[in-house]
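Notes follow once the structure below has been shown.
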Amino acid sequence: MIFKVIAKQELAKLFEALLANRVVGPVRKGSDKNGTPIYSFEVVYDFTQLQLDYTSTQYPAKRFFLPYTETLCTFEIAGDSWEKKVDFNIYQPQVLFGLHACDINALNKLDKVLLESAYPTPYYASKRKNMFIVGIDCEPQPYCFCRSMGTDTALHGFDMFLTDLGKKYFVEIQSAAAYNYLKHMQTSDPTEEDHLRYMAVEEARHEKFMAQVDTTDLTKILDMEFQSEVWKHWGDKCLSCGTCASVCPTCYCYGVAETVDLDLKHAAKMKHLHSCNLIDFAEVAGGHNFRPDSHTRLKYRYYHKHRGFVEAFEESLCVGCGRCGEACLANITVPEVIASVRHEEI
Amino acid sequence: MKLTCDIDVHHLTRVEGHGNIHIRIRNGEVVKAQWEVVETPRFFEAMLVGKKWENAPYLCGRICGICSIGHTLASIRAVENCFNIVPSEQTAKLRLLLKHMETLQSHILHLYFLAAPDFLNTGSVFPLIKSHPEVVQRAARLKLLANDCCDVIGGRRLHPTRTVVGGFTMLPDKYQLEQLRQRLETSMADLEQSAELFASFAIPDFSRETEFVSLKGKGSYPFIGGSLVSTDGVELPENEYLQMTNEYCVENSTSKWSRLSRDSFAVGSLARLNNNFAHLHPSAQEVAKGLGLAPVNHNPFMNNVAQLVECVHVVQDAIRLIRELTAAEWQEVRQQVTPQAGTGVAAVEVPRGILYHCYECDQDGRIVKADCVIPTSQNHANIQHDIQALADNYAKKGSSDKEIELLAEMLVRAYDPCISCSVH
Amino acid sequence: MERLEFVDVLKEERPEAPRHDLGSFEYTYKAEITNVYPMTEQEKLYQIQIIDPEKRRGFTFRPGQFVMLEVPGIGEAPFSISSSPIRRGDIELCIRKVGNLTNFLAKVKRGTQVGISGPFGTCFPVEKMYGQNIILIAGGLGIAPLRSPTMTVLENRSRFGMVEVIYGAKRPSELLFTYLYDMWRKFDINLNIIVEEPDHTWDGPVGLITEILQERIGALRDVLEQETYAIVCGPPVMFTFVCNMLMAAGLPMHKMFVSLERRMHCGRGKCCRCNVGSTYTCLKGPVFDYWSVMNLKEAI
Amino acid sequence: MSAELSYMGVDLTRPRVAFFELSSCEGCQLQLLNKEASLLDFFNLLQVVQFREAMSEKDDTYDVAFVEGSVTRADEEERLKIIRKRAKILIAFGSCACFGGVNQLKNRFADQDWVKREVYGDFAIDTQPVRPLADIVEVDVNIYGCPVKKEEVERIVTDLVVGKTILYPKYPVCMDCKANENICLFDLGEPCLGPVTRAGCDAWCPNNRMGCWGCRGPAEAANVEQLKNIMAEHGFSSETLLDRLECFGGFSAFVDGLRQPQQDTGKQGSGI
Ligand SMILES: Cc1cc2nc3c(=O)[nH]c(=O)nc-3n(C[C@H](O)[C@H](O)[C@H](O)COP(=O)(O)OP(=O)(O)OC[C@H]3O[C@@H](n4cnc5c(N)ncnc54)[C@H](O)[C@@H]3O)c2cc1C
Ligand code: SF4
Ligand code: SF4
Ligand code: SF4
């Protein structure tokens, strides 16, 4: 692994050099009713637009690698025959500039299902393989529990990672492409002092995590508590609105809808990200619904993330970004739900 | 000379809403010429009672699908007048721009889809798709442009979503505005061709001395607020609208009727133009002259031409407004609203004429009394008198039943009546 | 400014190359409906042939696996392959009209082109059953997935001990593959068919499938604990009853196989629609042994 | 216009279609003429035989009837029954037809005579409590929205012609809203019915920073009870919630409890 340090003002040069590609980064989108800024990942054209000290974005950068709706293919119909056209909707590499560790880890988790398992999906692969990621360290927010999920640092899955040392950035380089871009900046090798400063910064950051989830034996506890009454408690609150999945950087469930064009000569197959909380998610042909109650659907979301995925990949499908809890109008948060399943006082 | 004639048009087509025409001529005398409004009432004025102010614009937009923007803006203005809120310059400009685009889309819809088939001898626009594709495409292009503008400014072309008391929920994208301006500029060619098309139509030769009521322009062609004026010399401030409208109920109509100095008066494009010709954009004045329209014109069929002239005016004025809006920095999008007890009146020129909304609110901003006076309801009496005169006129000329029926239908259509709106 | 290199994922050399080619994800086989046989009011049998001869020969599957069948613009859904694996890319699907896609399929004529992808999912481990007795049980449309293992068993008849087929339907008019029964019987198998609501054409047994099973279990009791496998297809209520009866009679859970049905939008372990608990039916299933089913939450 | 259609080798008939309006603003019909770019394709799929607002010809043999508006008078009830008899497929077109729409707000007054007097004084006027179509005849397809969304109309019409099952999202507007990455209106301090309203409009209103008013009626698992808590928690009165829930009639099953604690707001003897 290669480490470098750069003076802060050098970063603009890196940005400029990367601008030959499409660059996506955190910008301020507006503010809420109390004046608190709201951040969002958007395509940026100007370094000054970037808000690298952003707290957290309401939405992950998901739409740039797992769009909410995506055309899987189109058809041209001719009589009883047809031609199918597939387009992965990506023509140029994208730069994600300023991802936090949780969001990088989210990509790593998605890779497991979408890239490394049976039937890797080319729609995701085409975007993921054409991505240049500049990570940046974060300021833990009250709702972040990534430390509990082991995702507070990103070990891989990025090209470059920046840590703010005050006047300088500590830069971790993980790809040849990233190394190649170093020539656009003035870099130096870190000194022992830089190392110490880095460790101090990280330690100070760790101190700031407030929210926690106890994952000890969680897969077994979830199994034992399958019939627990707490699920009903949360189910009564749940709006079945799918907001949690929509803002989750790791939720990837989807539905497919085929449409015929008005001219009856074209058709398309569209993919829409769904959520397992939606009422008809587990409905099958004939109308039978395997999860008709809101609590069974909500429970399923937790089982998929914290049990099933762990069984399959030895890790949970949650990076502890806390977005779902923040976005949920019914105030259903992961730390509280898990604590309640563990019979802990909240 | 025609001795007898029986005309019964049930549910007149190509107008908004339900109305019937009955004409009876016996021994050359018109014994009955009746414009019947059979639309079902929806009681918006009662519906609003007890509702908080924020409901009013949202609900009142639903009085009419064609002029929902006009109703929404009138309703907003009535609430704002009640609470003493003065819209910022930016808000006022955006509202006017939105208003213009509604005028454009409504006029184009009427001219091409509802009125033109009569002049081109078809029953609807559908056959024109084959026989006159360029005409239909031009109409679609203009309508699309107007609708796109409404989407960008009001959020939605019909039942707008961004227009609220105090301003807007959200501002349009300047880049999009700029694109619309460019499209507006190129649309002038389409409007010129529209003028040529209408110049080729034989506008029936009929006129009847009429009193015309509209807003009075002060420095500009009037659309939102101001004083009220009639060609018979009446002039009143906005909040004395009741004396201008004098609504009353009549048999055979679920809509109320109006009168002023005479038995009836007219509102609409022709009325606006008759009262404010000098304020029209020069290129609009030119089109008017080219089509033989000069104030004061008393031929109701010329309302079609007046609409076309107004299309030119609103496009020109929209271009100016967009220039001004994009040149300025965006200001606060929405003002704070503090309800207070009182009465607010709004007079707004919507495509079919002058529209009034008036609400009385209590100190919490809850509506205690609501009144809406719709342009078409002000026109009903005039339509009735026009039909009478028209039947008389053409009976004397010895026209056939068919001809009289078509002329009567065309006459009603010329007013572009919005019947469900008039009954609300 | 400097451009990053663009990676075409379909051409990329991948040393970690996963089991399946990226390109095949959305490139279905174009296939032609070569024949349509109406079987009952609700079900038709479709013969479908992959058009490209090479791909047709390369298309191999095992009994119990399913394909995703797509009609452009209408829909895509999973269907078990009903025919024998010997016939490779020339398959038969028995399809009941229940909704959008299947209603449309009921209207298409031979010659229509459809998209086929697959085969997907797990299969009935027929080879593992060599040398043993086999009970094949189907309720209703369950005969569609059951026909393929049945054909395989019959094609390899000498490798199995006793073969017992039990099939139940509501009415005689709803029985599927009636034209095959006589042929099947020639293979020294015990074919039991039972209906719930007989009509004048029916002279066979009447009742629920469990009733005839009870009878047969009596005859088979001795072999159940040791040398027998069962394959059970049908609606969840039916296979739960049947499996529990077999279990009570001594057949171990891991020697019974069932096929689960869930909504599937991809068939490739991506859309999560088919998950039972958090197990993908399309990858780990649709064929499960009964032990696994018992251990899946909300499987039935 | 009569050449028949086919799709994937299946022959299809171009349905004879008629449009009707009962009590409404005719906005939904107007939407039919919108989306100008696909207008020709749209009307090519259908054979329009009656469309009073746009054409003078009239033919009473039709397969599909689009009926806009709600029923507020005996003659409308009769017309609707005749339409039902003639049409193979009757479509309730827009929220007025599906739920009564804004029109049904007058039903909330106990004293219906007061309603008449408030608008017409002593002039005799014929009207009944507002009813959706389904209260009178069987409805085959609902197209929700005030106004309807043309994209959805196009999809439903195509599905109808091709013979596909007509499906609507069962989930709430929040899904559409999130897919557009909007800032939630509750964060902006505005009320919204998105969490309980049927999606399919692409979050038309929230996209424009206007909270949803529920024009498409309840989503299939609408948790209105929880929405009440949420509204209260964000400082919105139950009157605000009621205003929205009762606006289009889709949530009529949920508003009764909310109306009781309300004061007598209508003057002149109107009771709520
Ligand atoms: C492994 C496997 C094997 C199968 N094998 C066979 C087989 O051999 N033969 C066979 O006939 N079938 C088989 N099936 C079942 C088959 O997949 C379904 O019948 C098929 O999906 C029906 O599709 P459809 O489009 O016709 O029906 P759909 O229209 O999809 O479904 C009908 C019903 O489902 C509901 N529904 C549909 N879409 C939605 C939606 N978007 N939202 C909410 N509800 C909806 C509705 O209630 C509707 O009434 C198999 C299924 C699986 C999983
Ligand atoms: S489940 Fe919630 S906390 Fe976990 S990754 Fe998704 S949004 Fe973040
Ligand atoms: S704005 Fe409304 S629809 Fe959108 S997420 Fe918030 S509550 Fe849901
Ligand atoms: S957001 Fe709500 S009110 Fe607006 S169109 Fe959609 S359902 Fe109707």
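The values are calculated or read from the model by the stated rules, or taken from the named source; none is laboratory data. Since the model is a prediction, treat every value here as computed from it, not as a measurement. Cβ placement follows ideal geometry from the backbone for every residue including glycine, while neighbour counts extend to all protein chains displayed.
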Is one or more of the residues making up segment B:330-346 closer than 26 Å to B:Val250 by Cα and crowded, with 23+ Cβ neighbours inside 10 Å?
yes
Quick count over segment C:111-121, residues being within 12 Å of chain A (Cβ to nearest Cβ) and either of a type in the set (Phe, Trp, Tyr) or over 16 Å from A:Trp82 (Cβ atoms) (or both), is 3
Determine whether segment C:255-269 contains at least one residue that is hydroxyl-bearing (Ser, Thr, Tyr), within 29 Å of A:Arg297 (Cβ to Cβ) and away from ligand 4 (no atom under 16 Å from the Cβ).
yes
Does C:Ile91 satisfy the criteria of being among the hydrophobic types (A, V, I, L, M, F, W, C), surrounded by fewer than 20 Cβ atoms within 10 Å (Cβ to Cβ) and either assigned to a strand (DSSP E or B) or more than 11 Å from chain A (Cβ to nearest Cβ) (or both)?
no
Among residues of segment D:161-183 being hydrophobic (A, V, I, L, M, F, W, C) and away from ligand 2 (no atom under 16 Å from the Cβ), the residue farthest from C:Glu76 (Cα to Cα) is D:Ile183
Taking segment A:256-275 and keeping residues assigned to a loop (DSSP other than H, G, I, E, B) and either at pLDDT below 85 or more than 30 Å from D:Phe43 (Cα to Cα) (or both) leaves A:His274, A:Ser275
**Message:** Could you go through segment A:242-255 and let me know if any residue there is small (Gly, Ala, Ser), part of a loop (DSSP other than H, G, I, E, B), in contact (Cβ under 8 Å) with a residue 60 or more places away in the chain and surrounded by 16 or more Cβ atoms within 10 Å (Cβ to Cβ).
**Reply:** no
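When the residues of segment D:142-161 are filtered to those that are within 16 Å of ligand 3 (Cβ to nearest atom) and not aromatic (Phe, Trp, Tyr), which remaining residue is farthest from D:Pro218 (Cα to Cα)? Talk me through it step by step, then tell me what you get.
We begin by selecting, within segment D:142-161, every residue within 16 Å of ligand 3 (Cβ to nearest atom); these are D:144-145, D:149.
With not aromatic (Phe, Trp, Tyr) added as a condition, the list becomes D:145, D:149.
Values: D:Gly145: 12, D:Lys149: 17 Å.
Applying the filter and picking the extreme gives D:Lys149.
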Condition check: in contact with a strand residue (DSSP E or B) (Cβ under 8 Å, 6 or more places away or on another chain), under 30 Å from B:Asp151 (Cβ atoms) and facing another protein chain (nearest Cβ under 7 Å). Does D:Arg52 satisfy that?
yes
Hey, does segment C:235-250 have a residue that's in contact (Cβ under 8 Å) with a residue 12 or more places away in the chain, within 30 Å of C:Val71 (Cα to Cα) and not aliphatic (A, V, I, L, M)? yes
Result of the Cβ filter at 7 Å on segment A:61-85, keeping first residues that are more than 10 Å from every other protein chain (Cβ to nearest Cβ) and of a type in the set (A, V, I, L, M) and partners that are part of a strand (DSSP E or B) and crowded, with 17+ Cβ neighbours inside 10 Å, at least 6 apart or interchain, is A:Ala61/A:Val24; A:Ala61/A:Phe41; A:Ala61/A:Leu96; A:Ala61/A:Leu99; A:Leu66/A:Leu273
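If I filter segment B:360-382 for residues that are in a loop (DSSP other than H, G, I, E, B) and crowded, with 21+ Cβ neighbours inside 10 Å, do I get at least one hit?
The answer is yes; a qualifying residue exists.
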Handout entry: Hey, D:Asp176 farther than 28 Å from D:Lys85 by Cβ and at the interface with chain A (Cβ under 10 Å from one of its Cβ atoms) or not
Key = yes
Among helices (runs of 4 or more DSSP H) completely within segment D:223-262, the ones holding 1 or more residues that are within 13 Å of ligand 3 (Cβ to nearest atom) are D:224-233, D:238-245
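Residue by residue through segment A:181-220, note down the ones that are within 14 Å of chain C (Cβ to nearest Cβ) and either exposed (fewer than 15 other Cβ atoms within 10 Å of the Cβ) or under 26 Å from the mean Cα position of the chain (by Cα) (or both). Give the derivation first.
The initial filter retains those residues of segment A:181-220 that are within 14 Å of chain C (Cβ to nearest Cβ), namely A:181-185, A:218-220.
If the condition is that a residue be within 14 Å of chain C (Cβ to nearest Cβ) and either exposed (fewer than 15 other Cβ atoms within 10 Å of the Cβ) or under 26 Å from the mean Cα position of the chain (by Cα) (or both), then A:Tyr181, A:Lys183, A:Leu218, A:Thr219, A:Lys220 are the ones that fit.
Residues are listed down the side, and each one gets a yes or a no for (1) under 19 Å from the mean Cα position of the chain (by Cα); (2) modelled with pLDDT of 95 or more; (3) within 16 Å of ligand 1 (Cβ to nearest atom):
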| site | (1), (2), (3) |
| --- | --- |
| D:Thr165 | no, no, yes |
| D:Pro169 | yes, no, yes |
| D:Pro172 | yes, yes, yes |
| D:Asn180 | no, yes, no |
| D:Ala203 | yes, yes, no |
| D:Pro206 | yes, yes, no |
Residue hits (segment A:328-345; surrounded by fewer than 21 Cβ atoms within 10 Å (Cβ to Cβ) and either within 16 Å of ligand 4 (Cβ to nearest atom) or part of a helix (DSSP H, G or I) (or both)) are A:Pro335, A:Glu336, A:Ala339, A:Ser340
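If the requirement is being within 30 Å of B:Pro172 (Cβ to Cβ) and surrounded by fewer than 18 Cβ atoms within 10 Å (Cβ to Cβ), which of these qualifies: D:Gly235, D:Gly200, D:Gly163, D:Gly211?
On the way: D:Gly200 fails: surrounded by fewer than 18 Cβ atoms within 10 Å (Cβ to Cβ); D:Gly163 fails: within 30 Å of B:Pro172 (Cβ to Cβ); D:Gly211 fails: surrounded by fewer than 18 Cβ atoms within 10 Å (Cβ to Cβ).
Only one candidate qualifies: D:Gly235.
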Checklist entry - Are any of the residues in segment A:276-293 within 13 Å of ligand 2 (Cβ to nearest atom), modelled with pLDDT of 90 or more and either more than 8 Å from chain C (Cβ to nearest Cβ) or farther than 21 Å from A:Leu66 by Cβ (or both)? => result no
Taking segment D:5-16 and keeping only residues that are among the hydrophobic types (A, V, I, L, M, F, W, C) and buried (at least 24 other Cβ atoms within 10 Å of the Cβ), one is left with D:Met8
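Please go through segment B:312-327 and give me each residue that is in contact (Cβ under 8 Å) with a residue 12 or more places away in the chain and not charged (D, E, K, R), ordered by number. Before you say what the answer is, go through the steps one by one.
Restricting attention to segment B:312-327, the residues satisfying the condition of being in contact (Cβ under 8 Å) with a residue 12 or more places away in the chain are B:312-319, B:321-326.
Matches in segment B:312-327: B:Val312, B:His313, B:Val314, B:Val315, B:Gln316, B:Ala318, B:Ile319, B:Leu321, B:Ile322, B:Leu325, B:Thr326.
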A:Leu317 meets each of (1) more than 7 Å from every other protein chain (Cβ to nearest Cβ); (2) within 16 Å of ligand 4 (Cβ to nearest atom); (3) hydrophobic (A, V, I, L, M, F, W, C) with one exception, condition (2)
Scanning segment C:249-266 residue by residue, the ones that are away from ligand 1 (no atom under 16 Å from the Cβ) and either part of a strand (DSSP E or B) or outside the structural domain of C:Leu283 (by TED's automatic domain parsing) (or both) total 1
Filtering segment D:162-184 for residues that are under 16 Å from D:Lys149 (Cβ atoms) and away from ligand 4 (no atom under 16 Å from the Cβ) leaves a count of 2
When segment D:146-159 is checked residue by residue, the ones that are more than 16 Å from ligand 4 (Cβ to nearest atom) and out of contact with any strand residue (DSSP E or B) (no Cβ under 7 Å at 6 or more places or on another chain) are D:Glu154, D:Val157, D:Asp159
When segment C:99-110 is checked residue by residue, the ones that are more than 7 Å from chain D (Cβ to nearest Cβ) and either β-branched (Val, Ile, Thr) or not in a helix (DSSP H, G or I) (or both) are C:Thr102, C:Arg110
- Message: Being closer than 23 Å to C:Phe288 by Cβ and either away from ligand 3 (no atom under 16 Å from the Cβ) or more than 12 Å from chain A (Cβ to nearest Cβ) (or both): is that true of C:Ala138 here?
- Response: yes
